[in-house]
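Student: Let me give you the structure first, and then I'll get to my questions.
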Amino acid sequence: MPGMEWAWLIPALSFIAFALIVAFGRWLPGRGAFIAVLAIGAGFVLFWPVMVDLVRTGLPGEPGQYGFSWTWFPVGDTRLTWGMIVDPLSVLMLGIVTLVALGVQVYSLEYMRGEPRYGWYFAAHALFAASMLTLVLADNFILLYIVWELVGLCSYLLIGFWFERRSAAEAAKKAFVTTRIGDVGLLVGILLLFKVTGTFQMSAIFAEAAKLAAGEPSLLSSGTATAAAILIFVGAMGKSAQFPLHVWLPDAMEGPSPVSALIHAATMVVAGVFLVARAFPLFDAAPTAVLIVAVVGLITAVLAATMALVVTDLKRILAYSTVTDLGLMMLSLGAFGVTAAMFHLLAHAFAKAMLFLGAGSVMHGMHEPGDVDIRKAGGLWRRMPLTALTFGIGALALAGVPPLSGFFSKDEIFGALWSHRPAVFVLLFLVVAFLKAVYLSRAWLAVFSGPLKRENEHVHESPLAMTLPLLVMGALTLVLGFLAIGWTADYQGFGTFVFFHEAEAFHFNLGLAAVSVVVAVGGLAVAWATYVTGRISAASVQRRVAPLHRLVASKYYMDDLYQWVINKLVLAFSGLVAWFDRVVVNDGGVNGTAESVRSSGLRLRYHVSGKMYNYALGMALGAVAVILLWWLVAPV
Amino acid sequence: MTFFDTHALEFLVFLPVVAAVVILLVPAERPSVVLRIAWAAGALMLVGSLYVFVRYDYTQGGFQLVHQYRWLDQLGISLKLAVDGISTPMVLLTGVVIFAGTLVSWNIGQSHEGTGEHGGVPTTRQRNKDFFILLFLLVSGVFGTFVSVDLFFLFFFYELAVIPMYLLIGVWGSSSTFPTFSRTKEYSAMKLVLYLVGGSILAWVAILAIYVVSQAGTFDIEVLSEVSFDPGFQRTFFPFLLVGFGVLAGLWPFHTWSPDGHVAAPTAVSMLHAGVLMKLGAFGIIRVGMTLLPEGATTWMPVLFGVATVNVLYGAISAMHQQDLKYVVGYSSVSHMGYVLMGLATMEPIGVAGAVLQMFSHGVMTALFFALVGVVYDRAHLRDIGVLEGLAKRMGWTATFFVIVGLTSLGLPGLSGFVAELLVFIGAFRTQPVLAILGIVGAAVTAVYILRLLAKVFFGPVSPRWEGLPDAKPLEAFAASILTASIVFVGLYPLPFIRMINTGVKALLDRVSGA
């Protein structure tokens, strides 16, 4: 019976699949796509014995742990290693990533049929999954950084999958550049920790952080810990699309829909949340950094929630909804709610994957390759009931309607905020929760309810390979929430599995739950009144808050600001440097030197006059000069 | 030691000369024969350098495969060939790049660059014979510099590697005209050679000073490294070596020969020049400067650290604004050589090891860059980023390789550039955190200009003008594959390189700390 020592095989299989498809895919049936699916499927199967082993070897309430590492290469006084750690956090992520990736790949078998580069698509998916799976298992910061970058690369390759489209090429570039700006922070943070502690090993660094938090002598000083935590968070901000580095995610829609599903649910964007959760012992020693996490998360959530209200492209609404949820996860971490954040990550992963796959299904049915304007759709539930049903479940779950998964996770975040952060955080959190309910139900109502448009008569339900993943994830979204609750004596709820410091059994706060239900249902009601009965006129509301609407609809001018900075500052500065190099350094300095040699030669040649008395004068002057010099320096 | 071990290094140094002589005997009207001989010689050089790489015993360290010929006893000059942990990877680099370079030179003398000038009569430009003769002389110089443990011959080979460049660029190169300025190939060739010769004069002054002051009566580096020079002497003459060799390494502000020279040079020469010759500069700083004048190095390295940071950022920021593919790669070389200098400036085992690995990594990477730009230029007859668009659709292989090399350039893990730069950053952060951070920012700037270039030239809709563009030939794809394989190998499994470099760096830095 395989156990935790087999965990490394889960990412390894997908790495192998990537190599096999790249090398031999073109000669295999279906371009080798099945290899990727088999690899990730096997990974999902392997996840179970790993988890069972993890739970079984631990004491009750304190799950086991397993790790190993081998030397990549020694250099100087240190050695770089590749190693893995199997603990509840990584096993949770293994489950999420393998299942979502499996669903997405099965769905893609049908969705991408007939595409050129079909094999490459699956190779990139395999590499994506493999990198993310290694990321969650990494036991040291170097390996983490390596796969962290590979995750970024895969998003670049997949967002730009249709590279013949200018917009796709630009979106891919934007995603890669933006996340790399964040990665500067991450790398500097890692190097700072190495300089102080002399190791890249997470366990050793976190042990020092724990000493610092406990007030014992530690290699880390409070200032270093804070700086390192903030720098690591900057990396997380890039990947997890936190304000002000969120701009790449909405544009990432340019990739095929299943890619969006993967990026938004299980890989890429949750990497940042995972990183902060993984490094939480460090953050715990740096309260200022935790506060920054909370503030950034909150700002992100509020801004994204408002933007999701005003956009009309289905995938863009979902993208902003992802940014909102990522903000909430960060907010939760910033309120010391590690359990809540990870539970929300879990709930969000399946719901959001389902929403994106549903959006893809809608596009597939409407034969709209790029994106669907929700104003063009409507009444589609008659044509695609399964898609409508699962999309509805996902929307309701993320809106926080009981008893779906999102309700439980939102409740946990609420609880964490309530006990650790001041009222303003709680208040804004409730505003976000309300807006979420509004825009998600707006999306569902606009696409699936109402009368069917004439031009949409041809729309049809998607084939089984696409609806099956939807149904599976829908079922999971229905039941996953109950993981929060302890059902048996051995399982006291999610809080006893993934936690920081101490395990916490599930407890239900009726007051908080009631508030959150009221907020969610209120959001649904507002959307219903606006988009179904027409009691509230969206247009008149828009008119009344016109300046605000313009601000939000222009995405808070963030894209314009960045464009301005790039055009007016960065490119201008690089133009200045390039000009300086060519004109000042080269033409002035280098050619100038050459020119002065040439011109001095031209002038000096006149002293070679050929006239004897000139030479005699020269000799005489020279002799006088030598004598004078000798007379000056000679000892008296 | 077997016969092969004793003579492996001579083989490498003299094989190119022999090949040049053989090519000399082939009639100029038989370019395909010349080409085949060149390929065979290139392959033999790769095999020879691989042999040296495999034979070097990293557990022993020190100088190996030593072979010494007496030459001028009165002055203490001998042809002493040997490799250590630092020069062995450089020898392999040279073998890899020259083989790939001969492969992609199939079109020398028949491309658009040389045709139609004199009504059908082949001019020198249209013959590949003279080209390969000069190229191989140059390569002999490169191998010679890396394996000489005698200052006199090191300098001799160093010059031998520079001089043929003048003709190679001046005759087979290309001039370019831009809206705001133009550069003739003659200008670029002359600037390059004057610059490098100027640098070597500085280095030669220092070498002679070392020879005279040591009073050892020998040019043997191993003997001289035992001499402890007066600290004042070291501090005075180290800058001569630093700047003298640094010119060839693209040291700011003496770098302007480099982008212009690369742009004007034909593909194989750009590959060899940016790939290998720039490493000779850095190698000179290590082998002569840091080895013989360790205290001088300790004094001046903080200055180099600052200049190297300027190199990194200045090169990257300049590259961002270039419109010509070759200028982008040329300035990116200035930037990436900055990491080599930065690593050396750390004077710390991890950083210096990173610098040496970066020398290998950048050599292979930039050779691949120039090979691919050459393919594009050969097909499209221009290199303007603003005009080329959507080539990936038509030139799938070229685009694939270009993406890989671009990712290497921006330091993507799994490829060689990452390992090297990571080590440089680790070492640099330990010594000068602020400058190290600026270096990391430079890597982010690299991402910007590389991704911009990829998006503009290869992605997007293919414009009608480039619809009929043929992809890389199998030969070119093969050359690119060899370079790519080296990049991926070092990126995933750098251990064979690192453990070798570790021994060399340890010996080097022990001398510094012992001084």
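Student: Given the conditions (1) more than 23 Å from A:G272 (Cα to Cα); (2) within 11 Å of another protein chain (Cβ to nearest Cβ); (3) touching a Lys or Arg at 6+ places or on another chain (Cβ under 9 Å), and given that A:G119 satisfies all but one, which numbered condition is not satisfied?
Tutor: For A:G119, the exception is condition (2).
Student: Same structure again: Working only within the range A:131-156, note down all residues that are at the interface with chain B (Cβ under 9 Å from one of its Cβ atoms) and either more than 30 Å from A:V50 (Cα to Cα) or in contact with a Ser or Thr (Cβ under 9 Å, 6 or more places away or on another chain) (or both).
Tutor: Within the range A:131-156, A:I142, A:I146, A:V147, A:W148, A:E149, A:L150, A:G152, A:L153, A:Y156 qualify.
Student: If you don't mind, there's one more thing I want to ask. Do you know which residues across the range B:215-227 are out of contact with any Phe, Trp or Tyr (no Cβ under 7 Å at 6 or more places or on another chain) and either of a type in the set (S, T, N, Q) or surrounded by 17 or more Cβ atoms within 10 Å (Cβ to Cβ) (or both)?
Tutor: Within the range B:215-227, B:Q215, B:T218, B:D220, B:I221, B:L224, B:S225 meet the criteria.
Student: Follow-up question, since we're still on this one. In the set B:V263, B:V269, which member is within 14 Å of chain A (Cβ to nearest Cβ), assigned to a helix (DSSP H, G or I), under 30 Å from B:K185 (Cα atoms) and over 10 Å from the mean Cα position of the chain (by Cα)?
Tutor: Matching residue, one of B:V263, B:V269: B:V263.
Student: May I pose another question? Among the residues of the range B:412-446, what is the count of those that are under 10 Å from B:G491 (Cβ atoms), assigned to a helix (DSSP H, G or I) and of a type outside the set (A, V, I, L, M)?
Tutor: So the count comes out to 3.
Student: Checking B:F458 against (1) within 8 Å of chain A (Cβ to nearest Cβ); (2) more than 22 Å from B:M347 (Cα to Cα); (3) surrounded by fewer than 24 Cβ atoms within 10 Å (Cβ to Cβ); (4) not aliphatic (A, V, I, L, M): exactly one of these is not met. Which one?
Tutor: So B:F458 meets the others, but not (3).
Student: Restricting attention to the range B:379-411, report how many residues are facing chain A (nearest Cβ under 10 Å), within 21 Å of B:S335 (Cα to Cα) and touching a Phe, Trp or Tyr at 6+ places or on another chain (Cβ under 6 Å).
Tutor: Summing the residues that are facing chain A (nearest Cβ under 10 Å), within 21 Å of B:S335 (Cα to Cα) and touching a Phe, Trp or Tyr at 6+ places or on another chain (Cβ under 6 Å) in the range B:379-411 gives 1.
Student: Being surrounded by 15 or more Cβ atoms within 10 Å (Cβ to Cβ), among the aliphatic types (A, V, I, L, M) and more than 23 Å from B:V488 (Cα to Cα) is the filter here; which residues of the range A:11-34 pass it?
Tutor: Correct list: A:A33 only.
Student: From the list A:L80, A:L99, A:L89, pick out the single residue that is touching a helix residue (DSSP H, G or I) at 6+ places or on another chain (Cβ under 9 Å), buried (at least 19 other Cβ atoms within 10 Å of the Cβ), in a strand (DSSP E or B) and not small (G, A, S).
Tutor: That would be A:L80, the only listed residue that is touching a helix residue (DSSP H, G or I) at 6+ places or on another chain (Cβ under 9 Å), buried (at least 19 other Cβ atoms within 10 Å of the Cβ), in a strand (DSSP E or B) and not small (G, A, S).
Student: For the range B:358-411, give me each residue that is outside any helix (DSSP H, G or I) and within 21 Å of the chain's Cα centre (by Cα).
Tutor: Result: B:L410, B:G411.
Student: Can you pull out every residue in the range B:482-503 that is hydroxyl-bearing (S, T, Y) and either in contact with a Pro (Cβ under 6 Å, 6 or more places away or on another chain) or within 12 Å of chain A (Cβ to nearest Cβ) (or both)?
Tutor: Of everything in the range B:482-503, those that are hydroxyl-bearing (S, T, Y) and either in contact with a Pro (Cβ under 6 Å, 6 or more places away or on another chain) or within 12 Å of chain A (Cβ to nearest Cβ) (or both) turn out to be B:Y493, B:T503.
Student: OK, next. Given the structure, is A:D313 surrounded by fewer than 21 Cβ atoms within 10 Å (Cβ to Cβ) and either under 15 Å from the mean Cα position of the chain (by Cα) or in contact (Cβ under 8 Å) with a residue 60 or more places away in the chain (or both)?
Tutor: yes
Student: Sort through A:V633, A:V565, A:V532 and tell me the only one that's of a type in the set (V, I, T) and within 30 Å of A:Q242 (Cα to Cα).
Tutor: None of the other options fit; the residue is A:V565.
Student: Only residues that are touching a strand residue (DSSP E or B) at 6+ places or on another chain (Cβ under 7 Å) and under 27 Å from B:V445 (Cα atoms): list them for the range A:161-215, please.
Tutor: Correct list: A:F200 only.
Student: Counting only residues that are facing chain A (nearest Cβ under 10 Å) and closer than 27 Å to B:L325 by Cα, which one in the range B:425-441 is surrounded by the most Cβ atoms within 10 Å (Cβ to Cβ)?
Tutor: In this case the residue turns out to be B:I440.
Student: Within the range B:36-56, which residues are hydrophobic (A, V, I, L, M, F, W, C), surrounded by fewer than 22 Cβ atoms within 10 Å (Cβ to Cβ) and at pLDDT below 90?
Tutor: Answer for the range B:36-56, where residues must be hydrophobic (A, V, I, L, M, F, W, C), surrounded by fewer than 22 Cβ atoms within 10 Å (Cβ to Cβ) and at pLDDT below 90: just B:I37.
Student: Moving on to the next point. Looking only at residues in the range A:536-594 that are among the small types (G, A, S) and not in a helix (DSSP H, G or I), which one is nearest to B:A189 (Cα to Cα)?
Tutor: Ranking the candidates gives A:S554 first.
Student: B:L422: under 26 Å from B:M347 (Cβ atoms), within 9 Å of chain A (Cβ to nearest Cβ) and of a type in the set (A, V, I, L, M), yes or no?
Tutor: When the stated conditions are applied, B:L422 passes them.
Student: Condition first: of a type in the set (K, R) and under 26 Å from A:F141 (Cβ atoms). Can you find one or more residues in the range A:28-40 that meet it?
Tutor: No, the range A:28-40 contains no residue that is of a type in the set (K, R) and under 26 Å from A:F141 (Cβ atoms).
Student: Restricting attention to the range B:347-392, which residues are within 22 Å of B:V445 (Cα to Cα) and of a type in the set (V, I, T)?
Tutor: Result: B:V364, B:T366, B:V373, B:I385.
Student: For the range B:309-330, which residues satisfy the criterion of being among the β-branched types (V, I, T) and more than 9 Å from every other protein chain (Cβ to nearest Cβ)?
Tutor: Once the filter is applied, which keeps residues that are among the β-branched types (V, I, T) and more than 9 Å from every other protein chain (Cβ to nearest Cβ), the range B:309-330 yields B:T309, B:V310, B:V312, B:V328, B:V329.
Student: Scan the range A:181-196 and tell me whether some residue there is free of Cβ contacts under 8 Å to residues at least 60 places away in the same chain, facing chain B (nearest Cβ under 9 Å) and more than 23 Å from A:A285 (Cα to Cα).
Tutor: No, the conditions are met nowhere in the range A:181-196.
Student: From the list A:A351, A:A388, which one is under 24 Å from A:L99 (Cβ atoms), out of contact with any strand residue (DSSP E or B) (no Cβ under 8 Å at 6 or more places or on another chain), surrounded by fewer than 24 Cβ atoms within 10 Å (Cβ to Cβ) and at pLDDT 85 or above?
Tutor: Result of the check over A:A351, A:A388: A:A388.
Student: Please go through (1) modelled with pLDDT of 80 or more; (2) part of a helix (DSSP H, G or I); (3) not acidic (D, E) for A:G495 and return the number of the only condition it doesn't satisfy.
Tutor: With respect to (1) modelled with pLDDT of 80 or more; (2) part of a helix (DSSP H, G or I); (3) not acidic (D, E), A:G495 is out only on (1).
The values are calculated or read from the model by the stated rules, or taken from the named source; none is laboratory data. All figures in this text were calculated on a predicted structure; none of them were measured in a lab. Cβ coordinates were reconstructed from backbone atoms using ideal geometry, including for glycine residues, and neighbour counts include every protein chain displayed.
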